[in-house]
Amino acid sequence: MQKEIEFRGSPSPMKVKSNQKNQNVIEGYALVFNKPSRNLGDFYEVIDPNALKETDFSDVRALVNHNQNLVVSRSTSGTLQLSVDDVGLKFRALVANTTYGRDLLENIRNGNIDECSFGFVLSKDGDAYSYDESRQMRRRQLNNIASIVDISFVTYPAYPDAKLIKPESEVNLNDKNLSDMTSEEYDRYKRKLKLELELM
């Protein structure tokens, strides 16, 4: 029996820039460890730092809104690069020069799309539930993800802090520690960044 594919948002900002060949590249984290999701019904979710130890990344697509017909890049073609570090699953996606690829970049520039998500298949017994008294709801921890199916640039993610940084910015994300910011801190930082760009 085939395991169900699940979709979740990433609590980490991303950035868009041009490479040396003037091609558009999106970089960031498809998922981040130990960051809570939104309320997913009767539970919320976090990803354990060891959840990707045995994960299959052999064929991952970058999509728009998890639509399999809107492929932006793919690991098997070399246009999508993935790596795991202490923060989570890092990606670098070379955006296809297609109508929807250009539309995606324009929507990112306009702020219409500024969040991401990922699709995955969980290993057997790969999760565990507990009860969070402070939130008065169940907590699901993902301990073993069998495979990552896709990463996706979306309008509605499962995580509240999954944000894109506008393409005009060349901000060093590691220096700013954006993945550690609260939503309010991130919004203040984004307004400051926008003002700096307007003054350039």
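May I ask you to order 142-151, 98-107, 76-85 by the average number of other C-beta atoms within 10 Å around their residues, highest value first?
The packing order, highest mean first, is 142-151, 98-107, 76-85.
For residue 131 and residue 22 in the same chain, what is the full-extension length gain: residue separation times 0.36 nm, less their Cα-Cα distance, in nm?
Length gained between residue 131 and residue 22: 34.3 nm.
Using the Cβ atoms and a cut-off under 14 Å, what net charge is assigned to the surroundings of residue 39, where Lys and Arg are +1 and Asp and Glu are -1?
+3
Each residue of segment 46-63 in turn: what ³J(HN,Hα) in whole Hz from Karplus with 6.51, -1.76, 1.60 and θ = phi - 60°, glycine and Pro shown as x?
My calculation for segment 46-63 gives 9, 10, 5, x, 9, 5, 9, 4, 10, 6, 8, 10, 5, 8, 10, 9, 9, 10 Hz in order.
Tell me which residues come under 5 Å, amide H to amide H, from residue 70 once H is placed; ignore anything under 5 positions away on its chain.
Those qualifying (amide H under 5 Å, at least 5 residues apart or on another chain) are 64.
Rounded to the nearest 0.05, what FRET efficiency is calculated for residue 77 and residue 42 with R0 set to 41 Å and r the Cβ-Cβ distance?
0.55
Can you compute the modelled spin-label distance between residue 86 and residue 57, with each label point 7 Å from Cα toward Cβ, in nm?
Each label point is offset 7 Å from its Cα along the Cβ direction, giving 1.8 nm.
What full-extension length gain, to one decimal in nm, is calculated for residue 34 and residue 106 as 0.36 nm per residue of separation minus the Cα-Cα distance?
Gain in length upon complete extension: 22.8 nm.
Each value in this text was obtained by applying a stated rule to the coordinates, not by laboratory testing. Remember, it's a predicted structure, so these values are computed and weren't measured experimentally. Note that each Cβ is placed from the backbone with ideal geometry, even for glycine, and that neighbours are counted across all protein chains shown.
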